[in-house]
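The values are calculated or read from the model by the stated rules, or taken from the named source; none is laboratory data. Here the structure is a predicted model, which means the values were calculated and not measured. Backbone-built Cβ (ideal geometry, glycine too); neighbour counts: all protein chains shown.
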Amino acid sequence: MLRPERMSKTTLLFLKSDTEEVLDSLNKQGAFHITIKSGEATSEVLSRASALMNRIDALIEQSRAISGVSELPSPQVFSLEAHDWPSFLETLEKEVNSYENRTKEIDLSIKTEEKLKSFISLWSPFIESLKKTLSLEAFPALKRVSFLTLYQREPRPTPLSLLLPHPSLVLTVTSKPAMVLVIFLKEDLDKIRRAAEEAGYAEMPVLDGMPGNLNEMPKVIESAEKKLKELSLKNEEFRRSFMASLPKLLYLKGLLSDANSLITIREGATFEKRWMILEGYVPSRNLPSLISDLQARLNGRIVFFSKEEHSSPQVPVMFRYPRFFKLFESITNLYGVPSYTELNPTPILAITFPLFFGLMFGDLGHGLMLAALGFIFYKYTKSLSKVGTFLMICGIAGAIVGAALYGEAFGKHIGYHTVFSPGEDLMSLFKFSLYIGVAQISLGLALLVINNLIQKKRADAFLVNMPKLFLYLLFMYVVFNFGLNINQWFAGPIFYILGPAIFMLVGKPIWALIKHGRKEFLSVFGEIGFEVFDTMIRFVSNTVSYLRIFAMVMAHIQLTAVFYSLGAIAGGGMVGMVFSAIMAALGNVFVVLLEGILVLAQDLRLHFYEWFSKFYEDGGIRFSPFRLTFGVPIVKR
């Protein structure tokens, strides 16, 4: 758990014609981390596959928009025959071209439907209102004059009637929306259009082949309504069709994603014309089964070179631990992935993180409320199930600490004797917070020594970091037992601090002098001198930072007390009791949410800044075995 799985650097040498067989076997094994540098694979086939992937992504988005699907369905697997990569991509391109043509067709049909809806929604009330005012049969008789039908697109301060040239006539047909009929001399058409635009009006939409006489508009509207009904049914069928095609598109995307990976590996691992060299890392426990499977599949047409790695930081890391610890791996990875040459702090973090949360959020009632919220997330929201589990763990930790150490429930003392009484025994809680800090920082320094030994940095382990650990522990011992009275320090305790400090100052410089000579001695001596001074200052501030535990406990109690005090303002009686109950309920919910966020932030800081900074280098590479979504599509049988 603390150390990663042992990895073996493995090189495979095989015929290029066997590439798909090898990759298919590696995919099924799921234990080979392939190492190919970015930029090594560039080819026309790969560029073609990447372009095709972009087209499929665009099709999926268009299909979702057309069908109105919010959640993507599962891919639908179907047969797709291909004997090599060019023919595979050609087959996919035919499928994509077919979908793109269908998309263009329905897109045009939907735009036509929207245009008809807009046309009918404006013209139908316009004509109905106009028939009540004028006779439509009179319009064909107009010879010298013309007319425009307008609707108000946006309100403007100047009325349309004041902007029109004379002579002209404005008839208001409807007021909501504002629609008007403007009658004017034919030679004033351009002036009328400029005036309409200035007043915020636009011409009513027209259809292709629409007659210019208003007396024929009822028939046009009737025809448009009939066409709209037919088009709506057709488009609804289109939408159902596209909803059914989404799973196939997702399958094509998965296939192409696999093809991209396979072509990248094939191009990047090519050695001369006929041979392939594939390098990567395999967990040492999986190496025998992987080798035997490949040899059996290729009838021995493959050569292996393997070496177990011990101290290279470039080796990918994989850890095996219980499911409970797995949850906290994501927190560790927020800071960085552990390297192959250092201890993994996740198992320790899985214990200390809930513990610190419980110490800062220690309240039986509030802890159970947080755990209940986590259970709701875990049970009823798939996307937040991990968050729900995390909240349940932290809430239970807060409830246990609140009951056992503080005796608090909903900001009230339960009534039995506990280790601490946060409202009264302040100094004990103050010191306890500092003791927690000393323990965790000391653990971090001890882990640093172990990391030095793993990395074979024995000089740093024994001459720098181990004395640093003793310097810190002895310094804290002197401070806790003799306070900050310098006179008492010089009576004897100062030598507890001077011993490891002097050892740090001279230990590694003397080693550098013996190992490398005087020049290195002076350089190392200057570095160590600064490090001793920095250690004293920084570790004191780091330890004091753990008073956040004390501060959060006090803030938790006082904030809850504020809401209880507000509830008591209403006094007695039924109204006062109801108001007090409401304030107590709202106050407790507010405290749980606010304090939960604040405590989480402080918990992360104590672990990331105060603890991880003592020993954790991160910078590791996550073990990512070669896996495909649907497998190799062109394996030769």
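The table below gives the values:
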{"quantity": "Residue ranges of strands (runs of 3 or more DSSP E) in the stretch 149-208 with at least 1 members closer than 26 Å to residue 121 by Cβ and more than 58 Å from the chain's Cα centre (by Cα)", "calculated": "168-175, 178-185"}
{"quantity": "Any hit, the stretch 67-80, residues being under 22 Å from residue 234 (Cα atoms), at pLDDT below 80 and assigned to a helix (DSSP H, G or I)", "calculated": "yes"}
{"quantity": "Qualifying residue in the stretch 611-621 (condition: surrounded by fewer than 20 Cβ atoms within 10 Å (Cβ to Cβ), at pLDDT 90 or above and of a type in the set (S, T, N, Q))", "calculated": "yes"}
{"quantity": "Among (1) surrounded by 15 or more Cβ atoms within 10 Å (Cβ to Cβ); (2) closer than 16 Å to residue 626 by Cβ - the single one residue 75 does not satisfy", "calculated": "(2)"}
{"quantity": "Per-region count, the stretch 344-368, residues in contact (Cβ under 8 Å) with a residue 60 or more places away in the chain and either closer than 26 Å to residue 433 by Cβ or part of a helix (DSSP H, G or I) (or both)", "calculated": "16"}
{"quantity": "From 265, 331, residue being of a type in the set (Val, Ile, Thr), over 30 Å from residue 75 (Cβ atoms) and in a helix (DSSP H, G or I)", "calculated": "331"}
{"quantity": "Members of the stretch 110-132 that are surrounded by 15 or more Cβ atoms within 10 Å (Cβ to Cβ) and among the small types (Gly, Ala, Ser)", "calculated": "124, 129"}
{"quantity": "Matching option when the condition is touching a residue at least 40 places away in the same chain (Cβ under 8 Å), buried (at least 17 other Cβ atoms within 10 Å of the Cβ) and closer than 16 Å to residue 12 by Cβ, among 298, 290, 252", "calculated": "290"}
{"quantity": "All positions within the stretch 74-99 that are in contact (Cβ under 8 Å) with a residue 40 or more places away in the chain, among the β-branched types (Val, Ile, Thr) and closer than 23 Å to residue 266 by Cβ", "calculated": "96"}
{"quantity": "Out of 626, 590, 630, sole residue that is buried (at least 17 other Cβ atoms within 10 Å of the Cβ) and at negative phi", "calculated": "626"}
{"quantity": "Near pairs, Cβ below 6 angstrom, 6+ apart or cross-chain, from the stretch 375-389 (surrounded by 15 or more Cβ atoms within 10 Å (Cβ to Cβ)) to any residue that is among the small types (Gly, Ala, Ser)", "calculated": "377/388; 378/385; 378/388; 388/374"}
{"quantity": "Number of positions in the stretch 604-619 that are at negative phi and outside any helix (DSSP H, G or I)", "calculated": "2"}
{"quantity": "Condition met for residue 632 (aliphatic (A, V, I, L, M) and not in a loop (DSSP other than H, G, I, E, B))", "calculated": "no"}
{"quantity": "Subset of the stretch 505-526 [of a type in the set (Val, Ile, Thr) and in contact with a Gly (Cβ under 8 Å, 6 or more places away or on another chain)]", "calculated": "none"}
{"quantity": "Candidates 25, 70, 50 - the one that is surrounded by fewer than 18 Cβ atoms within 10 Å (Cβ to Cβ), hydroxyl-bearing (Ser, Thr, Tyr) and within 28 Å of residue 623 (Cβ to Cβ)", "calculated": "50"}
{"quantity": "Helices (runs of 4 or more DSSP H) lying entirely in the stretch 445-540 (those with 1 or more residues that are within 29 Å of residue 617 (Cα to Cα))", "calculated": "466-482, 494-516"}
{"quantity": "Where residue 55 falls short, out of the listed (1) within 27 Å of the chain's Cα centre (by Cα); (2) surrounded by fewer than 12 Cβ atoms within 10 Å (Cβ to Cβ); (3) of a type in the set (Lys, Arg)", "calculated": "(2)"}
{"quantity": "Sole exception among (1) at pLDDT 90 or above; (2) touching a helix residue (DSSP H, G or I) at 6+ places or on another chain (Cβ under 7 Å); (3) not polar (S, T, N, Q) for residue 489, by number", "calculated": "(1)"}
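Yes or no, residue by residue, for (1) in contact (Cβ under 8 Å) with a residue 24 or more places away in the chain; (2) surrounded by fewer than 19 Cβ atoms within 10 Å (Cβ to Cβ); (3) assigned by TED's automatic domain parsing to the domain that holds residue 608:
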position	(1), (2), (3)
502	no, yes, no
510	no, yes, no
521	no, yes, no
529	yes, yes, no
559	yes, yes, yes
564	yes, yes, yes
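For every residue, the table says whether it meets (1) crowded, with 20+ Cβ neighbours inside 10 Å; (2) in contact (Cβ under 8 Å) with a residue 24 or more places away in the chain; (3) of a type in the set (A, V, I, L, M, F, W, C).
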{"position": "183", "(1), (2), (3)": "no, yes, yes"}
{"position": "188", "(1), (2), (3)": "no, no, no"}
{"position": "234", "(1), (2), (3)": "no, yes, no"}
{"position": "242", "(1), (2), (3)": "yes, yes, yes"}
{"position": "258", "(1), (2), (3)": "no, yes, no"}
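Rundown of residues vs (1) at pLDDT below 90; (2) in contact with a Leu (Cβ under 9 Å, 6 or more places away or on another chain), yes/no style:
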| site | (1), (2) |
| --- | --- |
| 8 | no, yes |
| 14 | no, yes |
| 18 | yes, yes |
| 25 | no, yes |
| 33 | no, no |
| 46 | yes, no |
| 49 | yes, yes |
